[in-house]
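Encoded as C-alpha cells, the structure appears first; notes follow it.
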Protein chains: 2
Amino acid sequence: MSVTASPDVNRVMCPSRLILEHVTSRWGVLVLAALLERSYRFSELRREVGGVSEKMLAQTLRTLERDGFVHRDARPVIPPRVDYTLTELGREAAEQVWGLARWTERRLDAVFLAREEYDKARTP
Amino acid sequence: MSVTASPDVNRVMCPSRLILEHVTSRWGVLVLAALLERSYRFSELRREVGGVSEKMLAQTLRTLERDGFVHRDARPVIPPRVDYTLTELGREAAEQVWGLARWTERRLDAVFLAREEYDKARTP
C-alpha cells in the first residue's frame, strides 16, 4: 500500500487512524500496558485484564499481532504453550499507553474533584 | 467518592478505567490531541477532526469537560462565541495522546510491513 499524502489521524480515510484505534481500543490499551511489564500466556492475560471475554481477548491479540505489535510464541510442548510478548514496535506503543494508564490512576482524585464541581454548577 | 484500594485500570469496577476510556475514546483522543496545539471553536474543531458528527463532538466535549480536561469558554458577545481549551489536567492527558497520534503516523510503514508478513504467512 502506498501513501501519497502525509499520514494524518485527523483524516477519515488515513490508515493511521485505524492503527490509533487499535492501540487505544478498550482492550488494546490494557493488553499493551500489561505486556509491557512481562510476557503472558493467554489465560494469565485474561485474568490480569479484568472483564475481558475470551473472544474479545483473542480478537484483540490477533489485531495487535497483525499490526506487528505482539508476537505470538507457540511452543511445541505438551501441553501446548503459547506466550504473548511485545515486539520492538509494540513496545514503543505500549510505553505510551502504559504511561497513560498510570497517569489515569494517579490523577483519579483530580477528575473526581472536577466532576463534583461540574455537577454542582449544574444542580438547581 | 472515596477509593479504598489503589486505583487499577485492570479492575473492572475501578473508576480509573472509565477515565482511561474517555481519554482513549475514538473522538476523545483526536479532540485532546487537537486542543494541545491550540484552542478551537466548536465548528473549527469539527472541521479539524475529520468524520466526527455534531452530536458525537458535543458529547465528547461534554465528557471531557466534566472530567476536568476541557474548559468551555462562552463569551458574552454577539454572535455568541464558545472556545474550547485544555485545562492543566487536560494538558497532561493530551500530551500523551498527542504523542501516540504522532507515533502512529510516523510508524505507519512499519505496521504495513508487519501486516504484509502476517497475511503472507497465512495465505495457502
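Laboratory data are not the source of any read-out in this text; all were calculated from the coordinates shown. It should be emphasised that the depicted structure is a prediction, and the values quoted were computed from it without experimental measurement. Neighbour counts are summed over all protein chains in view; Cβ atoms, including those assigned to glycine, are modelled from backbone coordinates with ideal geometry.
Each of B:Thr123, B:Thr85, A:Thr24 was scored by other Cβ atoms within 10 Å of its Cβ. Arranged with the fewest first, they read B:Thr123, B:Thr85, A:Thr24. Between B:Gly90, B:Gly68, B:Gly28, the GNM of chain B built on Cα springs shorter than 10 angstrom shows B:Gly68 fluctuating the most. Go ahead and collect, in residue order, the members of the stretch B:7-50 whose backbone nitrogen is under 17 Å from a label point 7 Å along the Cα-Cβ direction of A:Gln59. Counting only backbone N, you get B:26.
Taking a straight Cα-Cα cut-off under 29 Å and skipping sequence neighbours fewer than 8 places away in the same chain, the lysines within cross-link reach of B:Lys120 are A:Lys55.
Between B:Arg38 and B:Glu116, the contour length at 0.36 nm per residue exceeds the Cα-Cα span by 24.4 nm.
The modelled label-to-label distance between A:Val12 and B:Val82, using points 7 Å beyond Cα along the C-beta direction, is 2.3 nm. Taking chain B as a Gaussian network of alpha-carbon nodes connected by springs under 10 Å, the highest mean-square fluctuation of the residues B:Leu113, B:Leu89, B:Leu35 belongs to B:Leu113. For the stretch A:15-121, a crude dipole built from +1 on the beta carbon of Lys and Arg and -1 on the beta carbon of Asp and Glu, taken about the Cα centre, is about 340 debye to the nearest 20.
Residue of chain A with the Cβ closest to the rotation axis carrying A onto B, and that distance rounded to whole Å: A:Thr24, 2. Farthest toward the dipole's positive end in the stretch B:15-121, which of B:Thr24, B:Ile78, B:Leu100, given Cβ charges of +1 (Lys, Arg) and -1 (Asp, Glu) about the Cα centre? It is B:Ile78.
Mean separation of Cα pairs under 8 Å and 6+ residues apart, divided by the residue count of the stretch A:1-67: what relative contact order is that in percent? The partial results should precede the final answer.
Values: 37 pairs, mean separation 17.7, N = 67.
Relative contact order here is 26 percent.
Measuring max minus min along each principal axis, the C-alpha atoms of chain B give extents of 65, 43, 24 Å (largest first). Taking the number of Cβ atoms within 10 Å of each Cβ as an exposure proxy, the fewest-first ranking of B:Ile19, A:Ile78 is A:Ile78, B:Ile19. Does the protein assembly as shown come out rounded, prolate or oblate by the C-alpha gyration tensor, with a ≥ b ≥ c the root eigenvalues, rounded set by a/c under 1.5 and, if not, prolate when a/b is larger than b/c and oblate if not? Since a/c reaches 1.5 but b/c is at least a/b, the shape of the protein assembly as shown is classed as oblate. The magnitude of the dipole of the protein assembly as shown, with charges of +1 and -1 set on the Cβ of Lys/Arg and Asp/Glu and taken from the Cα centre, is near 540 debye.
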